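Worksheet: the structure to be examined is printed underneath.
Quick note: the coordinates plus some simple rules give every number you see, no bench work behind them. Quick caveat: nothing in here was measured; it's all calculated off a predicted structure. Note that we place each Cβ from the backbone using ideal geometry, even for glycine, and neighbour counts take in every protein chain shown.
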Number of protein chains: 4
Amino acid sequence: MSTSSPFISGHVKKKIGVLGASGYTGADAVRLLARHPEVEISALTANTHAGKAMDEVFPHFFMLDLPVLAEWEKVDWTKLDAVLCGLPHGTTQEIVAAVLKANPAINILDMSADFRLRDQEMYAQWYGHAHRAPDLQGEAVYGLTELYRKEIIAARLVACPGCYPTAVLLALVPLVKAGLIDAHDLIIDAKSGVTGAGRGLKQNTLFAEAGEGLSPYSVAVHRHTAEIDQEIGLAAGVPVTANFTPHLIPMARGELCTCYVRLKGASADDLRAALERAYRDEPFVHVARKGVMPQTQNVRGSNYVQIGVVADRIEGRAIVISTLDNLVKGSAGQAIQNMNLMFGWPETTGLEQIALFP
Amino acid sequence: MSTSSPFISGHVKKKIGVLGASGYTGADAVRLLARHPEVEISALTANTHAGKAMDEVFPHFFMLDLPVLAEWEKVDWTKLDAVLCGLPHGTTQEIVAAVLKANPAINILDMSADFRLRDQEMYAQWYGHAHRAPDLQGEAVYGLTELYRKEIIAARLVACPGCYPTAVLLALVPLVKAGLIDAHDLIIDAKSGVTGAGRGLKQNTLFAEAGEGLSPYSVAVHRHTAEIDQEIGLAAGVPVTANFTPHLIPMARGELCTCYVRLKGASADDLRAALERAYRDEPFVHVARKGVMPQTQNVRGSNYVQIGVVADRIEGRAIVISTLDNLVKGSAGQAIQNMNLMFGWPETTGLEQIALFP
Amino acid sequence: MSTSSPFISGHVKKKIGVLGASGYTGADAVRLLARHPEVEISALTANTHAGKAMDEVFPHFFMLDLPVLAEWEKVDWTKLDAVLCGLPHGTTQEIVAAVLKANPAINILDMSADFRLRDQEMYAQWYGHAHRAPDLQGEAVYGLTELYRKEIIAARLVACPGCYPTAVLLALVPLVKAGLIDAHDLIIDAKSGVTGAGRGLKQNTLFAEAGEGLSPYSVAVHRHTAEIDQEIGLAAGVPVTANFTPHLIPMARGELCTCYVRLKGASADDLRAALERAYRDEPFVHVARKGVMPQTQNVRGSNYVQIGVVADRIEGRAIVISTLDNLVKGSAGQAIQNMNLMFGWPETTGLEQIALFP
Amino acid sequence: MSTSSPFISGHVKKKIGVLGASGYTGADAVRLLARHPEVEISALTANTHAGKAMDEVFPHFFMLDLPVLAEWEKVDWTKLDAVLCGLPHGTTQEIVAAVLKANPAINILDMSADFRLRDQEMYAQWYGHAHRAPDLQGEAVYGLTELYRKEIIAARLVACPGCYPTAVLLALVPLVKAGLIDAHDLIIDAKSGVTGAGRGLKQNTLFAEAGEGLSPYSVAVHRHTAEIDQEIGLAAGVPVTANFTPHLIPMARGELCTCYVRLKGASADDLRAALERAYRDEPFVHVARKGVMPQTQNVRGSNYVQIGVVADRIEGRAIVISTLDNLVKGSAGQAIQNMNLMFGWPETTGLEQIALFP
């Protein structure tokens, strides 16, 4: 087959690198960037696979003509306009610091957890060590597009939120801000597909272990909780401690958070109306009609989020349900959405894919 | 192959019938009864498949020598000692009444919802019509073995609980009874495999629809909620309205309920200790050690229940997690456990299978 | 959310209809057409769902502004430029005849089996009745793009091949034509995901039945065999009878055919070289490097085909493996590829999506 | 819960050890042995997990009172009557030699590949090194129960066949022996669930990689081919080279082999009749009625094998399909079946479980 791109374009494209291209978030970034009309993929790093072709690591890229995987230290960062970073937390902060030192004008879309927490103590408490790039931690903007669009446009370093926080915060922040729900009684039962655990080899993500069964994990200790507390707390204006209980579900992609909330004089319909107002002009956030349930099938492979509201049987309570694809809106898609903002392109560029169903 | 049973036994076996043998609960009853040393399967009914061999309807029974599927009206009920009933709700009550009229001495293990609610109004409200066998509704014993063992031994008609209520009530009733948790703040996020929806043809249970995705369903209106309200209310001594939010999970069997509870002065460790006390001598209910999470994989195909307790991040709250196989302890297995009690056999007879993992 | 399209285009778009939009092939046509820059979806039919919004039938289309589902008789076909037809075989021929009668200039991309067989007797034999539009049967072009590009460009009615024949013929026709393999000793072990069976309600495609297991079906009688015989026979210049043995695999999408062939003096490397020559300039057909195995994961959701060749242990035999997504290159994608040809657009327009992996 | 066994028995039980209890075959041996009425599990080894409780490694054993995992060197082999060995090939031969040296009277049921090949050169060729216990290799009996029952009864060391060879040989050996099919034109398209690859951490068996897709692997080089060649060759009386092409299927358990055979004057019905004769009195091998297709769902979790025969479309060819559970009849179940023979118990003891469907 011919691998020369059938998608020719006269204008100059921005040059993009992907740090950590051998992981699932890196690969989904490549999947989307390869069809993004304004960019070209100019560098891919994966230190343990350096020297390999990308399609040796991810054979579904056989049709693309991609740069060979390189060690991140070997890349000439001055040649790039932006970098999407899919490295593990902990190592990210030092590498990002080095990249920015090499090219202070580069835009960084970080998909790791390293720059999401605003408070150094909070970071140290949840990640077990002092932050190694505290200045950058201070500079970074929390990249939940719909909530921080203005800050992202002006930013150089965007800390894209975790997949769970993206789903939860889009569902709850407008309600907390509007004073419709109690920020101190948030119970969040979260369910995620197995890619949420990454491509690393772990026994519990083997097909024979994770298939045909479901298991709670990291109950009350999952690190994404810190982001939820932080952002709900900001919305509420007071420190918040939320329940957050993740479960591993036998599917590859997708995430659904069932949030149990206590109403402050409002009804479930009020919540739905408030969400509709908040997201009326948003291209990617959809509030389901009354009676329609969000389900992960509706967003698989896409950058869309679907949110629904149901009245609880318990007087004064409601259920807010939010779903997204953890690798797209929960990671690489949101990074590209932010990149579009930073470069002044229409926010939806390259992200128009509809869910792959069935 | 030889289909003559390799399991010869000199003593006289009880003759058992299965009403509704072409559904999943009926089939799982057959799977277990066929290897139960004290019984023989003497009648199988399935009106829409009458005249067929059982292995035309369920080919995995090719090794068994089973009665041909019959219309229930054609069965001579006076020849049987007990019947397991896997019919849909609504039709069950009239057929059970007819069977008991034909043979008042027969034991009935009903796996449908028809006799689970004690109150006629409550039944009418949840099922949309007046009960058509109110006397039997009054006579029936709620067949949650661990809670009603004495009543079951003395009963003729046992209404085996729904799969969800079995998981929820085993987890919560001892805690409510002991006054350790608030019965008015129960949030139950439930997840079930697809067999919970039965073998009927529905679009949402097609492989291509239910696979690789998850969806909430019947939120705040699922009929199993009525049983939960009823039994928690009895334990609490006051009427109770619980949250109950089921989700469809891409697996065939298994169910896991994550229950969010408010503590009444107790700690999560107190809850675990109370459950351990309650189930110390139970053969099928297992309380997981601190730090061990129940998961459906641990109970698949077995009659076991696993319950775990975790302290919540929110002060004064805890999370109680319960898992079982919806077709075994959630249905056919519990029916056989009750049948064992009614006939005076060891409760574990025929139910010793360990989970099939992986 | 805003449903106004973010993809504005000054030029006039072709108006496309989809017949049978409530099935899986119809839905995948909508998924792809909705993001195709040269077309607008102007009519959707689904007689049993007429009057409904498309997102009531396929909720993952919540973000699209689509025509309401209509009865096909109610559509004004003179307003449309082309129709993709995803109706069941049998009914298709009469409806297509009616559409062409209403608008003889319309282009028809038929995804059903109705116009694939060139011979009326062969049709009658495999489908059990005389063809009801024999003139159109004679007019139709077999829409395997890579083999009949010239004919498709000139056609009005294109009979897009079945999913299995597309995979098999792309793998074998160049080898038969080049005289490298024996056309009379073709053993084709085929495996398909469950969407191949459509969205109709069947017991064997329920999640609980098809999941976690695999089963052969329609062995030696599957209707796609007729197309394979026909096209291999044309390539060979003599009538051919092939083995074709399909298996149902627990996945939603994807198809892989393992073809066991007898070599005519050639080696496995010769076969690979011949395929590479045949597909050197093809945008969608990829021949895997020696040692690389095609797998359905590589093409899921995409219009690509991947073919690999391995030498058999048995002297003088080889194994040719071919994979595609049954709903894309095996159905809606190939229809759009042909539509692109018919309208003179680049063949890849709207079909650039890379496989969704994982 | 109470973990004291509910299954009391007055007679003295045989003491059984399991070498390699932390793998899937070891675990399935434990699952079956724990409910076997004639044995007690007296030793479990797993050198990398020594000191752990079995339910730390396999939590679904929470209800069993099992020996702590030990290093194999620490076990007193003189106390045991038999050992099931689920170690990887290569290391097995030395450990088995040591065990037999410690206790020459012990019975060994080896589930590894180490003693299956009768010829030392063939072993060296397929496994890449000279056998390190050639005397034992000579002594070992090939443990395909239905073919070598007499030899197994008399043996001390039984080399239980691979899962694939068990399925293939049960389907083909009687046909080759009867001269009904050509031993030199055997094409075996094999499909296996993911547990066939074991519990070791490999990228291709991660849920996100193996799920929702299928891939051929080890085409024409899989080591099980050696056993197939060996045993078909013995049946044919001449050396044989078979095609054998395995595929990884997205399910945990189960295996189905589709064997394409050339008939020697016989018909498909003749093949079926020959298989029925061969297995008439066998408790675990079932020949499906004409028109009934074997499927893995019929045998999941059980020791049964199902075989079916279909006439091919190609004149003079037929298709023989065989299915089993790779961890039961393909491994631990067959080992126990052989153990039953060696100890003089009814062959079905402890193996009566019916398939877990759905």
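For chain A, the longest principal axis of the C-alpha atoms and the axis of helix A:268-279 are separated by about 30°. Note: relative contact order over segment D:14-139, using C-alpha pairs below 8 Å and six or more positions apart, is 23 percent. Note on C:ASP182, B:ASP312: ascending count of other Cβ atoms within 10 Å places them as C:ASP182, B:ASP312, the fewest first. Multiplying the residue separation of D:GLU352 and D:ALA124 by 0.36 nm and subtracting their alpha-carbon distance yields 78.3 nm. Basic side chains Lys and Arg get +1 at the Cβ, acidic Asp and Glu get -1 at the Cβ, and with that the dipole of segment B:247-358 about its Cα centre reaches some 300 debye. Label-point spacing at C:ALA50 relative to the other copies reads 3.9, 6.7, 7.7 nm, in ascending order, each point sitting 7 Å out from Cα along Cα→Cβ.
Remark: segment B:209-218, residue by residue, has Karplus-estimated 3J(HN,Hα) of 9, 8, x, 6, x, 9, 8, x, 8, 6 Hz, where x stands for each Gly or Pro and the curve is 6.51 cos²θ - 1.76 cosθ + 1.60 at θ = phi - 60°. Largest first, the extents of the alpha carbon coordinates of segment D:164-326 on the three principal axes equal 47, 31, 29 Å. Beta bridges per DSSP, both residues in chain A: antiparallel share near 45 percent. Backbone phi angles across segment B:327-338, fed through the Karplus curve with coefficients 6.51, -1.76 and 1.60 (θ = phi - 60°), yield HN-Hα couplings of 8, 9, 4, x, 6, 5, x, 5, 4, 6, 4, 5 Hz in residue order; Gly and Pro are listed as x. Note: relative contact order over chain A, using C-alpha pairs below 8 Å and six or more positions apart, is 16 percent. For segment B:164-326, a crude dipole built from +1 on the beta carbon of Lys and Arg and -1 on the beta carbon of Asp and Glu, taken about the Cα centre, is about 200 debye to the nearest 20. For segment D:164-326, the relative contact order is 30 percent, taking Cα pairs closer than 8 Å that sit 6 or more residues apart in sequence and dividing their mean separation by the residue count. Loop-located GluC sites (Glu not before Pro) in segment D:252-358 (DSSP state not H, G, I, E or B) with no more than 13 neighbouring Cβ atoms inside 10 Å: D:GLU315. Based on the reciprocal of the average 1/r between different C-alpha atoms, the Kirkwood radius for segment C:14-139 equals 14.9 Å. Shown in residue order for segment B:238-244 are the 3J(HN,Hα) couplings computed by the Karplus curve 6.51 cos²θ - 1.76 cosθ + 1.60 at θ = phi - 60°: 9, x, 9, 10, 9, 6, 8 Hz (x for Gly and Pro).
Taking Cβ atoms as reference points and 14 Å as the exclusive limit, the residues near C:LEU100 contribute a net charge of -3, counting Lys and Arg as +1 and Asp and Glu as -1. At an R0 of 45 angstrom, the distance between the Cβ atoms of B:GLU315 and D:TYR217 translates into a FRET efficiency of 0.30. Taking Lys and Arg as +1 and Asp and Glu as -1, the other residues whose beta-carbon sits under 12 Å from that of B:VAL68 total -2. In this structure, C:LYS13 and C:GLU73 have a Cβ-Cβ separation that, at R0 = 41 Å, corresponds to a calculated FRET efficiency of about 0.95. Take the convex hull of the alpha carbons in segment B:180-271; its mean projected area over all directions comes to 6.9 nm².
The convex hull drawn around the Cα atoms of the protein assembly as shown, when projected onto a plane and averaged over every direction, covers 50.3 nm². Averaging the Cα positions of each part gives two centres, and for segment D:284-358 and segment B:100-114 these lie 37 Å apart. On the beta carbon distance between B:ALA105 and B:ASP281, with R0 = 35 Å, the FRET formula returns roughly 0.65. Residues C:ILE41, D:ILE228, ranked from the fewest to the most other C-beta atoms within 10 Å, line up as C:ILE41, D:ILE228. With the gyration tensor restricted to C-alpha atoms of chain B, the semi-axes of the equivalent ellipsoid amount to 33, 22, 21 Å, longest first. Looking at the protein assembly as shown alone, DSSP beta bridges between its own residues are antiparallel in about 45 percent of cases.
Summing charges over all other residues whose Cβ lies under 14 Å from the Cβ of D:GLU347, with Lys and Arg as +1 and Asp and Glu as -1, gives -2.
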